[in-house]
Amino acid sequence: MNEPIPVTRVTDHGTAKLMPDVDRERAWLLTVDGAPQSYVDLDEPAHLEFEYARRLGHALDTVAAPGRPLDVAHLGGGALTLPRYVAATRPGSRQDVVEADRGLLELVTEHLPLPAGERITLHGADARAWLEAAPAGSADILVADVFGGSRVPAHLTTVAYTRAAARVLRGDGVYLANLADAAPFAFLRSQLATLATVFAELALVAEPGVLRGRRFGNAVLLAAHRPLDTAALARRTAADAFPARVVHGAALRVLVGAAEPVRDEDAVPSPEPPEGAFGIG
């Protein structure tokens, strides 16, 4: 059997590269313009390698009863890591994946095909435009993991965008987002303030070193109109190989402080990560 070899392709929004993992037989790392984007193990789709992906996985595990099928919309496709995870952990789920880079979708589905029979629909579209056209109340979960290079696009950071996301969710639905920032957390705080204009319940999951301002890193945000099971989430994230903290309630309000919600006319992308900030967790 031939050894898998790296695949490089110029796509719509950059240069994508798929690299085999020498330690796992059918596992692959996707980078775009050199920045790690996704990791997929085709034999073990429930395996999440990156720290932020593991935290999104913990959130997905705690938003509904284990194994219950869900309607999930994913903004940002990457190598389709989380759609594969949901399909493996919640069989029968119906999923939509929205990815602006059609060339990236073609590369991933050609070399890392989805399992046959899964109810996963791929859309080559801008995330906000797709949200604004999607049926109201059509998703249980909305996962936002959209990076242009290593930055969240500005038009996906605003009150108008948040309202579009909330419209697509059902009344008991949950919004999940992967962001990245560093102390003093101007971007992260503004995003929490923005979500708070629409959602009553918020929580944040991040590595303690990031929260203490020691390094740039990812933060997973949760937002809903209903109480979130932060106790279950905290247990899972604390016991992970890469432990994280869950911040909610009064502590989260302190973190937000006087931050203002983001309007479309004031929106900016998330901060540029420092050199070497992103790697495999």
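The values are calculated or read from the model by the stated rules, or taken from the named source; none is laboratory data. In this text, all values refer to a predicted model and were calculated from it rather than measured experimentally. Note that we place each Cβ from the backbone using ideal geometry, even for glycine, and neighbour counts take in every protein chain shown. Only protein heavy atoms, including side chains, enter the accessible area calculation; ligands, DNA and RNA are left aside. Shrake-Rupley method; radii C 1.70, N 1.55, O 1.52, S 1.80 Å.
In table form, for the structure just shown:
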{"read-out": "Residue in the stretch 65-77 that is within 15 Å of the chain's Cα centre (by Cα), surrounded by 21 or more Cβ atoms within 10 Å (Cβ to Cβ), at negative phi and at pLDDT below 95 present", "value": "yes"}
{"read-out": "Positions within the stretch 78-96 being among the small types (Gly, Ala, Ser) and open to solvent by less than 30 Å² (accessible area, probe 1.4 Å), in sequence order", "value": "Gly78, Ala79, Ala87, Ser93"}
{"read-out": "Tally, over the stretch 152-208, of residues that are part of a helix (DSSP H, G or I) and either among the aliphatic types (A, V, I, L, M) or open to solvent by less than 10 Å² (accessible area, probe 1.4 Å) (or both)", "value": "17"}
{"read-out": "Unique residue being of a type in the set (A, V, I, L, M), open to solvent by less than 20 Å² (accessible area, probe 1.4 Å) and more than 17 Å from Val168 (Cα to Cα) when the list is Leu131, Leu104", "value": "Leu104"}
{"read-out": "Tabulated pairs, the stretch 110-132, first over 23 Å from Thr11 (Cα atoms), second open to solvent by 50 Å² or more (accessible area, probe 1.4 Å) and not hydrophobic (A, V, I, L, M, F, W, C), C-beta under 7 angstrom, 6+ apart or interchain", "value": "Arg119/Arg94"}
{"read-out": "Number of the condition not met by Leu202 [criteria: (1) modelled with pLDDT of 95 or more; (2) in contact with a Phe, Trp or Tyr (Cβ under 8 Å, 6 or more places away or on another chain)]", "value": "(2)"}
{"read-out": "Given (1) out of contact with any helix residue (DSSP H, G or I) (no Cβ under 9 Å at 6 or more places or on another chain); (2) outside any loop (DSSP other than H, G, I, E, B); (3) crowded, with 16+ Cβ neighbours inside 10 Å, number of the condition His58 does not satisfy", "value": "(1)"}
{"read-out": "Which listed residue, of Arg84, Arg128, Arg102, is at pLDDT 95 or above, in contact with a helix residue (DSSP H, G or I) (Cβ under 8 Å, 6 or more places away or on another chain) and within 26 Å of Ala180 (Cα to Cα)", "value": "Arg128"}
{"read-out": "Among (1) part of a helix (DSSP H, G or I); (2) out of contact with any Gly (no Cβ under 8 Å at 6 or more places or on another chain), the one test that His123 misses", "value": "(1)"}
{"read-out": "Residue match in the stretch 196-216 (condition: under 18 Å from the mean Cα position of the chain (by Cα) and polar (S, T, N, Q))", "value": "no"}
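Here is a yes/no grid of residues against (1) more than 15 Å from the chain's Cα centre (by Cα); (2) of a type in the set (A, V, I, L, M, F, W, C); (3) under 20 Å from Ala177 (Cβ atoms):
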| site | (1), (2), (3) |
| --- | --- |
| Lys17 | yes, no, no |
| Asp23 | yes, no, no |
| Trp28 | yes, yes, no |
| Gln37 | no, no, yes |
| Asp43 | yes, no, no |
| Glu49 | no, no, yes |
